[in-house]
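The next block holds one structure in the form of structure tokens; read it before the comments.
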Amino acid sequence: MSDLCELEKLINDCLIEINAASREKYDSDKAERTAALFLLAQMKLSLAIEDIELQWKLSKNEIERIQSEKYFEIKNNNTTDKKITESAMSNLVCKDPDVVKIKNDAAKNECEFKKWNYLLGVLKDSHIYFRNITKNKTWAE
């Protein structure tokens, strides 16, 4: 958890710098250090994304496990002489509260994974932006 707090602080520092660059001319001497800050954030976020992606994929596997479990539970608990069709069985499994919950959890994990991936792209673009500020100084000299 402390790694995530450290990452959030680092991302906040990046936001402060990009906000400053959007409001006024950014110091080209400071831009190189800021580019390094964004690079560091990318590296740390990449490590965090690995864990987030794993949670998402594990939750997808858990959906299949729970659905299979519920399928056989419903099939074995059918005490009527009437046979349940596969379509009805599928619908019964899909509306089971445990299945609904795990699917919702998986959807949240997927959204979190995508959010952090989008942020990784923004950090990359920002790193390039600040590196270009440094290059502009060199070209002007």
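Every read-out reported here was derived from the displayed coordinates using simple, explicitly stated rules and does not represent laboratory data. These numbers were taken from a predicted model, which means no experiment stands behind them. As a convention, Cβ positions derive from the backbone with ideal geometry for all residues, glycine included, and neighbour counts pool all protein chains shown.
How much FRET efficiency would the formula 1/(1 + (r/R0)^6) give for Leu119 and Glu64, where r is the Cβ-Cβ distance and R0 is 25 Å, rounded to 0.05? Display every interim value, and only then the final one.
Details: r = 29 Å, r/R0 = 1.17.
Working from the Cβ atoms, E equals 0.30.
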Exercise for the section: May I ask you to evaluate 6.51 cos²θ - 1.76 cosθ + 1.60, the Karplus curve with θ = phi - 60°, for each residue of the stretch 65-78 and list the ³J(HN,Hα) values in order in whole Hz, giving x for glycine and proline? Expected result: 5, 5, 4, 5, 4, 5, 4, 6, 5, 5, 4, 6, 8, 6
Handout entry: Per-selection Rg to Rh, the chain - Cα, Kirkwood hydrodynamic radius
Key = 1.31
Fill in the blank from the handout: The ³J(HN,Hα) series, computed from each phi in the stretch 23-40 with the Karplus coefficients 6.51, -1.76 and 1.60 at θ = phi - 60°, rounded to the nearest Hz and given as x for glycine or proline, is 9, 7, 4, 8, 5, 5, 5, 6, 4, 5, 5, 5, 4, 5, 4, 5, 5, 4
Fill in the blank from the handout: Flagged as over-length at 32 Å C-alpha distance, from Lys57/Lys135; Lys9/Lys60; Lys9/Lys108; Lys57/Lys83; Lys44/Lys135, the pairs are Lys57/Lys135; Lys57/Lys83
Handout entry: Fully extended contour minus Cα-Cα distance, from Lys25 to Ile84, at 0.36 nm per residue
Key = 14.2 nm
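How high is the relative contact order of the chain, in percent, with contacts defined as C-alpha pairs under 8 Å that are six or more residues apart? Before the final figure, lay out each step's value.
On the way: 92 pairs, mean separation 59.1, N = 141.
Once normalised by length, the contact order is 42 percent.
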Practice task
Starting from the amide H of Asp27, placed 1.01 Å from N in the peptide plane, find each other amide H under 5 Å away whose residue is 5 or more places distant or on another chain.
Solution key: none
Completion exercise
With +1 on the Cβ of every Lys and Arg and -1 on the Cβ of every Asp and Glu, the dipole magnitude of the stretch 46-141 about its Cα centre, in debye rounded to the nearest 20, is 320
Exercise for the section: Name the residue farthest towards the positive end of the dipole of the chain from the options Leu47, Asn12, Tyr118, assuming +1 on Cβ of Lys and Arg, -1 on Cβ of Asp and Glu, about the Cα centre. Expected result: Tyr118
Completion exercise
Any aspartates and glutamates whose Cα falls less than 12 Å from that of Lys30, other than same-chain ones fewer than 8 residues away, would be Glu17
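For Cys94, Cys14, which order do you get if you count the other beta carbons within 10 Å of each Cβ and list the fewest first?
Numbers: Cys94 12, Cys14 22.
In increasing order of surrounding Cβ atoms, one gets Cys94, Cys14.
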Exercise for the section: Post the alpha-carbon centroid distance, the stretch 107-135 to the stretch 30-86, in whole angstrom. Expected result: 22
Practice task
Among the aspartates and glutamates, select those whose C-alpha is under 19 Å from the C-alpha of Lys82, and discard any that sit fewer than 8 residues away in the same chain.
Solution key: Glu73
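May I ask you to list the GluC sites (Glu not before Pro) in the stretch 21-126 that are in a DSSP loop and have at most 15 other Cβ atoms within 10 Å of their Cβ? Provide the component values of the computation, followed by the final result.
On the way: sites: Glu24, Glu32, Glu50, Glu53, Glu62, Glu64, Glu69, Glu73, Glu86, Glu110, Glu112; in loops: Glu24.
The qualifying sites are Glu24.
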Problem - Expected 222 nm ellipticity per residue - DSSP helices of 4 or more, -39500 (n - 2.57), all of the chain, to 500 - result: -32000 deg cm²/dmol
Practice task
For Gln55 paired with Ile16, estimate the spin-label separation in nm (one decimal), with each label point 7 Å from Cα along the Cα-to-Cβ line.
Solution key: 2.6
